[in-house]
Amino acid sequence: MKNIITSKNNKFIKSLAKNIKLYDSSNEYCVVEGERALDVFSKSALYDLDLLIVRSDCSSNAFDSIDRNKILLVSSDVMSYLSKLKTSPGILGIFKCMYSQKEKIDFKSQGTYVLCNVSDPHNLGAIIRTAVALNRKYIIAIDGCHHHNQKAIRASAGMIGAIRVCRVSVRDVQSIFSEMKLKFTLDAKGKKL
């Protein structure tokens with residue numbers, strides 16, 4: 001039986017809480033809460049579990065196959081301190097993104113969605129959930145909120161773990177399109193000019 005961390009003043013817990021706040025806009029790591037989302041991420045080749053934090057009274061068999069060295073048991077108080085949710089599900093995973101944001105993306109592929117400045121994480125999560133249901137391969141997010149935002153992850157029901165999401169700026173897109181000798185111009189209603 002592993003030891004249970006019961007103090008919010010534990011040095012590791014304080015460091016972890018600080019990092020969890022930064023992960024909302026990180027391309028390298030993300031925080032995933034709840035069994036359903038954790039299940040998608042843990043089966044994904046796109047993400048690798050770095051640490052699973054489990055409330056000591058949480059009774060879930062869903063993650064019995066996880067390496068015990070990657071599991072941290074904490075008290076209810078510590079879980080509440082780490083979680084961004086009002087009512088924590090008692091299980092929280094920190095995942096490392098295993099794909100590069102700089103990888104080559106086939107813009108011409110029918111499996112690619114390009115999103116521009118989606119600022120609401122709930123909307124971004126819903127779009128990602130739909131894209132996965134429609135079997136898309138990539139999402140290119142131009143500016144807007146970050147796909148590793150915990151609200152976006154929850155709104156996607158964890159489906160962010162099942163699709164490559166690459167963040168780029170408008171300038172990046174302009175240079176990519178000029179390299180490919182592609183042009184696009186849309187009016188205010190989204191129609192080609």
Report task. Go through Tyr81, Tyr99 and list them by solvent-accessible area, largest first, probe radius 1.4 Å. Result -> Tyr81, Tyr99
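From the protein chains alone at 1.4 Å, what is the descending order of accessible area for Lys21, Lys70, Lys84, Lys11, largest first?
Sorted descending by solvent-accessible area, the residues read Lys11, Lys21, Lys84, Lys70.
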Query - the stretch 1-86: C-alpha gyration tensor shape, a/c 1.5 cut-off, then a/b vs b/c - result: oblate
Query raised in the report: Using alpha carbon centroids, what distance separates the stretch 117-131 and the stretch 1-23, in Å?
Result: 30
Query raised in the report: Too long at a 26 Å Cα-Cα cut-off: which of Lys18/Lys96; Lys11/Lys43; Lys18/Lys70; Lys14/Lys86; Lys86/Lys137; Lys18/Lys137?
Result: Lys11/Lys43; Lys86/Lys137; Lys18/Lys137
Requested in this report: Would you mind working out the accessible area per residue for the stretch 1-94, using a 1.4 Å probe, and quoting it in Å²?
Outcome: 58
Report summary line: Other residues with Cβ under 14 Å from the Cβ of Asn149 give, with Lys and Arg +1 and Asp and Glu -1, a net charge of +1
**Report entry** Solvent-accessible area, 1.4 Å probe, carbon plus sulfur percent, for the stretch 51-99
**Finding:** 45
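Largest first, what is the accessible-area ranking of Val31, Val168 with a 1.4 Å probe? Mind showing how you got there, number by number?
On the way: Val31 0, Val168 25 Å².
Largest accessible area first, the residues go Val168, Val31.
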Report task. Could you pull the accessible area for Thr6 with a 1.4 Å probe, rounded to 10 Å²? Result -> 100
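Kirkwood Rh over Cα pairs of the stretch 11-165 into Stokes-Einstein at 4 °C, 1.567 mPa s: D in µm²/s? All intermediate terms of the calculation are to be shown ahead of the outcome.
Values: Rh = 15.9 Å.
Taking Rh from Cα pairs, D becomes 81 µm²/s.
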Report summary line: Mean projected area (nm²) from the convex hull of Cα positions in the stretch 1-42 is 4.3
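The values are calculated or read from the model by the stated rules, or taken from the named source; none is laboratory data. Computed from a predicted model, the values in this text were never measured in an experiment. Positions of Cβ are generated from backbone atoms using ideal geometry, with glycine treated the same way; all protein chains shown enter the neighbour counts. Heads up: the accessible areas ignore ligands, DNA and RNA and are worked out on the full protein's heavy atoms, side chains in. Shrake-Rupley method; radii C 1.70, N 1.55, O 1.52, S 1.80 Å.
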